[in-house]
1. Since residue 25 meets every condition but one in (1) over 20 Å from residue 71 (Cβ atoms); (2) among the charged types (D, E, K, R); (3) modelled with pLDDT under 95, which condition does it not meet?
2. Does any residue in segment 63-78 that is without any contact (Cβ under 8 Å) to a residue 40 or more places away in the chain come within less than 7 Å, Cβ to Cβ, of a residue that is not polar (S, T, N, Q) six or more places away or on a different chain, and which pairs are these?
3. Considering only the chain, give the strands (runs of 3 or more DSSP E) lying wholly within it that have at least 2 residues that are basic (Lys, Arg).
4. Residue pairs, Cβ under 8 Å, 6 or more apart or interchain, first in segment 7-35 and farther than 24 Å from residue 79 by Cβ, second of a type in the set (Phe, Trp, Tyr). List them.
5. Only one of 50, 81 is in contact with a Lys or Arg (Cβ under 7 Å, 6 or more places away or on another chain) and either modelled with pLDDT of 95 or more or closer than 20 Å to residue 5 by Cβ (or both). Can you tell me which?
6. Go through segment 1-59 residue by residue and tally those that are acidic (Asp, Glu) and surrounded by 13 or more Cβ atoms within 10 Å (Cβ to Cβ).
Amino acid sequence: MADILNEQIYIIPLRDVKKVPRWRRSQRAMKEIRSYLMKHMKSEDVKLDQTINEKVWERGSEKPPRKIRIRAMKFEDGQVQAELAEE
């Protein structure tokens, strides 16, 4: 893997997820996280860690968290890798 260019910690709000049907909320939250990182890290190639997935789906598909804290790392080749940030 290439060297890290940029490393940021983001607190991503997921309140807009409440506007979709209950059974689709966690799925939509994952898409919101990915699109937030694409916008703020300026890259189309975003990889989400399994820990993010587990945190979002922890309470089922109807009750994702209101916000999530993520560490995002951008590499020289433009790839962004995101993982759950430690509290």
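The values are calculated or read from the model by the stated rules, or taken from the named source; none is laboratory data. The structure displayed is predicted, hence computed values, not measured ones. When we count neighbours, we look across all protein chains shown, and the Cβ atoms used for this are built from the backbone with ideal geometry, even at glycine.
1. Looking at each condition in turn, residue 25 falls short on (3).
2. 78/45
3. Once the strands (runs of 3 or more DSSP E) in the chain are filtered for at least 2 residues that are basic (Lys, Arg), what remains is 67-75.
4. From residues that are farther than 24 Å from residue 79 by Cβ, the pairs are 26/57.
5. Details: 50 fails: in contact with a Lys or Arg (Cβ under 7 Å, 6 or more places away or on another chain).
The match here is 81.
6. Quick first cut of segment 1-59, residues acidic (Asp, Glu) only: 3, 7, 16, 32, 44-45, 49, 54, 58.
Among the residues that remain, those that are also surrounded by 13 or more Cβ atoms within 10 Å (Cβ to Cβ) are: 32, 45, 49.
Here the count works out to 3.
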